[in-house]
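The values are calculated or read from the model by the stated rules, or taken from the named source; none is laboratory data. This structure is a prediction, so every number in the text was calculated from the model and none was measured. Every residue, glycine among them, receives a Cβ derived from its backbone with ideal geometry; neighbour counts consider all protein chains shown.
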Amino acid sequence: MELDKCIQERRSVRKYNKKKVSWELISEIMESGEHAPCAGGIQNYYFIVVKSNKTKEAISRACSQLWMLDAPYFIVVCNDKNKMKKFYEQEGGHYAIQNCAVVAQTMLLKAHSLGLSSCWVGSYDDIQLQRILKLPDHVNVESILVFGYSDSKSKEPRRFPLDRMTYFEEFGNTKK
């Protein structure tokens, strides 16, 4: 799939059908995440693949988003902030979050290019997820990516025109 088309057509999907997703596709998605850019070349992220109904239900409840249960796979993107802080001290926490965000977006685009639907879930109870996923104290969840086949066609969201969000040299300056 052409990159611009992939970027423009990808949607957050919250309704999935029962069609199975192959492990090969999930592996391809994670491999694309592995190749995402990261500050200092430090890969501070981990992926937890979730497909069991029991764990998916617990995670869905921790997110207060039961629609997630219909998707066959979740990939939880976790952040080992200590890896970045070791090299970048205080700024490391900032870079660690950025790395995880780039990884997540890369995987969402890869999924779309493979014909899969997805959704980025960023609202959840950190403490519950820490317990459910048995995360060590220095690792936290940054996002939960939900994958499957869409049960419906998503509408194109309304977007602000580029000129309403572009400034030059300083905030608020619209003159080139």
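Screening the candidates ILE127, ILE97, ILE132 for the property of being modelled with pLDDT under 95 and either under 16 Å from the mean Cα position of the chain (by Cα) or of a type in the set (Val, Ile, Thr) (or both) yields one hit, ILE97. Considering each residue of region 70-88 in turn, none proves to be at pLDDT 95 or above and on the phi > 0 side of the Ramachandran plot. When region 119-163 is filtered for residues that are β-branched (Val, Ile, Thr), in contact (Cβ under 8 Å) with a residue 24 or more places away in the chain and within 15 Å of ALA58 (Cα to Cα), the ones remaining, listed by number, are VAL121, ILE132, VAL141, ILE144, VAL146.
How do the pairs read when you match residues in region 34-57 that are at positive phi with residues anywhere that are assigned to a helix (DSSP H, G or I) and modelled with pLDDT under 95, using Cβ under 8 Å and keeping only pairs 6 or more apart or on different chains? Here the result reads GLY40/MET84; GLY40/PHE87; GLY40/TYR88; GLY40/TYR95, each pair linking region 34-57 to a residue that is assigned to a helix (DSSP H, G or I) and modelled with pLDDT under 95. Taking the stated definitions as given, is SER150 modelled with pLDDT of 85 or more, surrounded by 20 or more Cβ atoms within 10 Å (Cβ to Cβ), under 20 Å from MET68 (Cβ atoms) and not aliphatic (A, V, I, L, M)? The answer is no for SER150.
Within the set LEU116, LEU66, the sole residue that is free of Cβ contacts under 8 Å to residues at least 24 places away in the same chain, closer than 20 Å to ARG11 by Cα and not charged (D, E, K, R) turns out to be LEU66.
Determine which member of the set ARG14, ARG10 is surrounded by 14 or more Cβ atoms within 10 Å (Cβ to Cβ), at pLDDT below 95 and closer than 23 Å to LEU133 by Cα. After applying the criteria, what remains is ARG14. Just name the residue that is surrounded by the fewest Cβ atoms within 10 Å (Cβ to Cβ) out of those in region 111-139 that are in contact with a Cys (Cβ under 9 Å, 6 or more places away or on another chain) and within 25 Å of GLU2 (Cα to Cα). Checking each candidate, the answer is SER113. Scanning region 69-81 for residues that are free of Cβ contacts under 8 Å to residues at least 60 places away in the same chain and more than 19 Å from TYR16 (Cβ to Cβ) turns up ASP80, LYS81.
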